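Here the structure is laid out as structure tokens; the discussion comes afterwards.
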Amino acid sequence: MTTDVMTRPAVLILLGPPGAGKGTQARMLEDEFGYVQLSTGDLLRAAVAAGTPAGLAAKAVMEAGQLVSDEIVINILRDRLAEPDCAKGVILDGFPRTTLQAEALDDLLGETGQKINAAISLEVDDAAMVERISGRYTCAGCGEGYHDSFKQPAKAGTCDKCGGTEMKRRADDNAETVASRLEAYHAQTAPLIAYYSGKGVLKSTNAMGGIDDIARDMAAIVTTATS
């Protein structure tokens, strides 16, 4: 059944490398517009836990140590989009990652007369991203975040929030790994940038500024794209 144009749920895609702030911005868009953030990882975990046919298929593949196919992911996404909380709109974070996935997503949305309102690229400076990610650490007790350059605790080695003295870093938050992840992202995403640009839905925002400034830019893009 085709969805009426006036009530068609919004579909937004966030593009950006690890650490660009996609998750943070998606949550802020959720709060402002009432949309639902959908990440591939969360979708897979929820479908497996719910025991849906697509979830069981994904579980079997993952238990075999293999990558979940695009077909399974699309089937899981189809089920999720049909749920009532997605009626206003969704924000896709981490999907699609390839042009083939983008084409499959277009086919899925076409089943209900939906379309992508905007694919928003969070633009970052690679060198600054390496410094941003490789310098971050958290309090092991309460999870408060810190950074070697941008946010150190008032007393070295002591959490401002809970007074804890044990700090931890993610094993993959080092300069070499971050640089490799950025390189892989650009290689995978460059075709998507061209794909969505060709469809006239690509938007971009400078993601190197303050969180609130980025959020205002994102909100303006979404408002225009969904009006």
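The values are calculated or read from the model by the stated rules, or taken from the named source; none is laboratory data. Quick caveat, the model's predicted, so the values are computed rather than measured. For neighbour counting, all protein chains shown are included, and Cβ atoms are generated from backbone atoms with ideal geometry for every residue, glycine included.
With respect to the conditions (1) of a type in the set (Val, Ile, Thr); (2) at pLDDT below 90; (3) within 25 Å of THR223 (Cα to Cα), ILE133 lacks only one, and its number is (3). More than 22 Å from PHE33 (Cα to Cα), touching a Cys at 6+ places or on another chain (Cβ under 9 Å) and of a type in the set (Val, Ile, Thr), is that true of THR189? Against the criterion (more than 22 Å from PHE33 (Cα to Cα), touching a Cys at 6+ places or on another chain (Cβ under 9 Å) and of a type in the set (Val, Ile, Thr)), THR189 does not qualify. Under 18 Å from ASP93 (Cβ atoms), hydroxyl-bearing (Ser, Thr, Tyr), touching a strand residue (DSSP E or B) at 6+ places or on another chain (Cβ under 8 Å) and touching a residue at least 12 places away in the same chain (Cβ under 8 Å), is that true of TYR196? Yes. I'd like the residue in the range 62-109 that is among the basic types (Lys, Arg) and assigned to a helix (DSSP H, G or I) and, out of all such residues, is farthest from PRO191 (Cα to Cα). In this case the residue turns out to be ARG80.
Of all the listed residues (ALA64, ALA10, ALA20, ALA58), the sole one being of a type in the set (A, V, I, L, M), surrounded by 17 or more Cβ atoms within 10 Å (Cβ to Cβ) and farther than 27 Å from ASP212 by Cα is ALA58. The strands (runs of 3 or more DSSP E) found entirely in the range 136-227 that carry 1 or more residues being surrounded by 14 or more Cβ atoms within 10 Å (Cβ to Cβ) and of a type in the set (Gly, Ala, Ser) are 202-206.
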